[in-house]
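Undergrad: Have a look at this one before I ask anything.
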Amino acid sequence: MPEGRLQLTKSDLHLDQKSKRIIEELQHDGRRTYSEIGRAVGLSEAAVRQRVAKLMEAGAMQIVAVTNPLQLGFGRQAMIGLKATGELTPVADAVADIPQVDYVVVTAGTFDILAEVVCADDDELLAVLNSIRQIPHVRETETMTYLTLWNQKYNWGTR
């Protein structure tokens, strides 16, 4: 999917059972060959390649490497809740431009924006917080430091 804001609206893209199975196979192992996936779902290699291309072009799926931040030297993760005034789009854009931020959502509820950050240590987290607090219209932040990542799944795409 392209960088930037994602639309959280229902797509006109229809996913039949074969396409859902292809997604499930790739979620299990994104390095599987199209011929292996084809055998598993009952399609030819060419048909799988064509469906994967269509899913990617439509923005319904991307194939990425999922890493463990701790194994890569990033010892501090946190979710930062922001309360802001005025239009939220420029605030969300400014937060998303910070390199340590990997996830930004505009929400309804206690916070206007939630941002997940991955930092090397507490000093880097503090620098990120200082950057966020300097963004115009940010009036308050609350940091929820991760102690343990209990569970993380990426298999919700085909329910």
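Undergrad: What residue, of V128, V64, V91, is closer than 30 Å to K18 by Cβ and either over 18 Å from the mean Cα position of the chain (by Cα) or not in a strand (DSSP E or B) (or both)? Lay out the reasoning, then the answer.
TA: Values: V128 fails: closer than 30 Å to K18 by Cβ; V91 fails: closer than 30 Å to K18 by Cβ.
Selected residue: V64, the only one of V128, V64, V91 that is closer than 30 Å to K18 by Cβ and either over 18 Å from the mean Cα position of the chain (by Cα) or not in a strand (DSSP E or B) (or both).
Undergrad: Among the numbered conditions (1) out of contact with any Phe, Trp or Tyr (no Cβ under 9 Å at 6 or more places or on another chain); (2) part of a strand (DSSP E or B), tell me where E116 comes up short.
TA: (1)
Undergrad: With (1) closer than 18 Å to T148 by Cβ; (2) open to solvent by 80 Å² or more (accessible area, probe 1.4 Å); (3) not charged (D, E, K, R) as the list, and V64 as the residue in question, which single condition is left unmet?
TA: Among (1) closer than 18 Å to T148 by Cβ; (2) open to solvent by 80 Å² or more (accessible area, probe 1.4 Å); (3) not charged (D, E, K, R), V64 violates only (1).
Undergrad: Between residues in the stretch 131-152 that are under 26 Å from P69 (Cα atoms) and open to solvent by 90 Å² or more (accessible area, probe 1.4 Å) and residues that are among the hydroxyl-bearing types (S, T, Y) and part of a strand (DSSP E or B), which pairs lie under 9 Å by C-beta distance while being six or more apart or on different chains?
TA: R133/T141
Undergrad: While we're here: Please give the number of the condition D121 fails out of (1) among the charged types (D, E, K, R); (2) exposed (fewer than 15 other Cβ atoms within 10 Å of the Cβ); (3) within 29 Å of M61 (Cα to Cα).
TA: Just one mismatch for D121, condition (3).
Undergrad: Could we say that V105 is surrounded by 12 or more Cβ atoms within 10 Å (Cβ to Cβ), among the β-branched types (V, I, T) and closer than 30 Å to E24 by Cβ here?
TA: yes
Undergrad: Can you pull out the residues in the stretch 67-88 that are under 22 Å from V118 (Cα atoms), polar (S, T, N, Q) and part of a loop (DSSP other than H, G, I, E, B)?
TA: Answer for the stretch 67-88, where residues must be under 22 Å from V118 (Cα atoms), polar (S, T, N, Q) and part of a loop (DSSP other than H, G, I, E, B): T67, N68.
Undergrad: May I pose another question? Give me a count of the residues in the stretch 77-113 that are among the basic types (K, R) and either touching a Ser or Thr at 6+ places or on another chain (Cβ under 6 Å) or modelled with pLDDT under 95 (or both). Step through it out loud before you land on a result.
TA: Just the residues of the stretch 77-113 that are among the basic types (K, R), to begin with: 83.
Now narrow it down to the ones that are either touching a Ser or Thr at 6+ places or on another chain (Cβ under 6 Å) or modelled with pLDDT under 95 (or both): none.
Summing the residues that are among the basic types (K, R) and either touching a Ser or Thr at 6+ places or on another chain (Cβ under 6 Å) or modelled with pLDDT under 95 (or both) in the stretch 77-113 gives 0.
Undergrad: Here's a follow-up. Any chance you could count how many residues in the stretch 31-61 are on the phi < 0 side of the Ramachandran plot, open to solvent by 40 Å² or more (accessible area, probe 1.4 Å) and not in a helix (DSSP H, G or I)?
TA: 7
Undergrad: Using beta carbons and a limit of 7 Å, which pairs, at least six apart or on different chains, have the first residue in the stretch 15-39 and among the acidic types (D, E) and the second one assigned to a helix (DSSP H, G or I)?
TA: From the stretch 15-39, the pairs are E24/T158; E25/I37; E25/A40; E25/V41.
The values are calculated or read from the model by the stated rules, or taken from the named source; none is laboratory data. Since the structure is predicted, the reported quantities are computational estimates derived from the model, not experimental observations. Positions of Cβ are generated from backbone atoms using ideal geometry, with glycine treated the same way; all protein chains shown enter the neighbour counts. These area figures cover heavy atoms from the full protein model, side chains too; ligands, DNA and RNA do not enter into them. Shrake-Rupley method; radii C 1.70, N 1.55, O 1.52, S 1.80 Å.
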